[in-house]
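In what follows, a single structure is set out as structure tokens and then discussed.
Please treat every number below as a calculation from the coordinates, not as lab data. Because the structure is predicted, anything quoted here is derived from the model rather than measured. Glycine also receives a Cβ, built like all others from the backbone with ideal geometry; neighbour counts cover every protein chain displayed.
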Amino acid sequence: MPDTSRLHDEDYLNIVLDPLAVCKHYRPKFGHGTGLTLAEFQAMYQADPFYAWFGLDSPLLYAAHKASGGMTSVYRQIGMGCQRLIQRILMDTLGLTAEQSTWSYQVTKTGGKKQTLYLDGRIPTEGVQDKRRRQTVARWLGAASKATGVSDDVRRIIKGAVFEVRQGYKSKDSKRQNADLANAASAYSEAYLPVLMLLSTQIDDDIADRYQNARWLILRGAPTGTATTSTYEFCQQVLDYDLAGFFERNSPRFRQEIEAILKALLT
């Protein structure tokens, strides 16, 4: 059989790299709606007597803000690209439509206003076109549900999985965590298994414990493990796609792009 592992490489590369393009032009905002140039920053700080007294109008301070905020943007854009990549892989490997591969639900906020919340991917078992692949997904769902510790009654009604995709998770943002716990409760209420899919091994231990206690399945970005512990083993065994191989063989392109961004941020 012909090797189809690289069939989508160029499309997948663009999905990941396109969001990163904005990082090259990052400018710190300093509390304003738009990013400031160095000259605009200095004019603003020199007009503030207190900041001027302390020498905070220094180009070095601007560079520090630019590098710090720019790196936050790099992580954010990598995560955004990976979210889009995973959804596309679900569509390509399982024959899902764009609608089938995403999931959302509505909540009612104070005052009766409705808000729609989204997760990054979905596998509805019945939507998988190929019978053999559908059986593989069903077996994985059974094992994954068991790994979360949910009851047998819950495992029997699980009809698919929904995914929150992150490049890593070190933030202690309690608002973000609380939102994710609410997402898990809503997913279970609609008979979906909530899965936190990490592309790296970077996750705070306290956060991991909190999510696992809320019955999230956590797939970590480890190169080895099982389909219920490793993102890359899940992709290989359940989706029949070598995601680790994609990242590895295209590493020179990723490294080249990141180096160009870092040079732009540090100069």
Taking max minus min of the Cα coordinates of the stretch 95-189 on each principal axis, largest first, gives extents in Å of 46, 30, 29
Which residue, 39, 63, 222, has the most motion in a Gaussian network model of the chain that connects Cα atoms within less than 10 Å? 39
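Could you compute the net charge surrounding residue 259? Neighbours are other residues with a C-beta less than 15 Å from the C-beta of residue 259; K and R count +1, D and E count -1.
Working: positive: 24, 253, 255, 263; negative: 257.
Charge balance in the 15 Å sphere: +3.
Please give the net charge around residue 165, taking every other residue with its beta carbon less than 15 angstrom from that of residue 165, where Lys and Arg add +1 and Asp and Glu add -1.
Local net charge: +4.
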Can you pull the Rg over Rh of the stretch 23-154, Cα-only, Kirkwood? 1.23
For the stretch 160-215, what is the Kirkwood estimate of the hydrodynamic radius, computed as the reciprocal of the mean inverse distance between distinct Cα atoms, to one decimal in Å? 11.5
Qualifying GluC sites (Glu not before Pro) in the stretch 162-240, DSSP loop, other Cβ atoms within 10 Å at most 14: 190
Report the calculated FRET efficiency for residue 54 and residue 30 (r = Cβ-Cβ distance, R0 = 22 Å), to the nearest 0.05. 0.90
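Grab the eigenvalues of the alpha-carbon gyration tensor for the chain, scale each by 5, take roots, and send me the semi-axes largest first in whole angstrom. Don't skip to the end; give the middle numbers.
Working: eigenvalues 304, 112, 50 Å².
Its equivalent ellipsoid spans semi-axes of 39, 24, 16 Å.
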Choice from 231, 97, 116 showing the highest fluctuation, given a GNM over the chain with Cα pairs closer than 10 Å: 116
Where labels lie 7 Å past Cα in the beta-carbon direction, separation of residue 254 and residue 43 in nm: 4.1
Under a Gaussian network model of the chain whose springs join Cα atoms within less than 10 Å, the largest fluctuation of 147, 47, 187 belongs to 47
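Just add up the charged neighbours of residue 94: K/R +1, D/E -1, any other residue whose Cβ is under 13 Å from the Cβ of residue 94.
Numbers: positive: 88, 122, 131, 132, 133, 134; negative: 92, 126, 130, 240.
The answer is +2.
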Listed with the fewest Cβ neighbours within 10 Å leading, 240, 205 appear as 205, 240
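Taking the number of other C-beta atoms within 10 Å as the exposure measure, put 65, 25 in order starting with the fewest. Can you show the working numbers first?
Values: 65 16, 25 12.
Ordered from fewest to most neighbouring Cβ atoms within 10 Å, 65, 25 come out as 25, 65.
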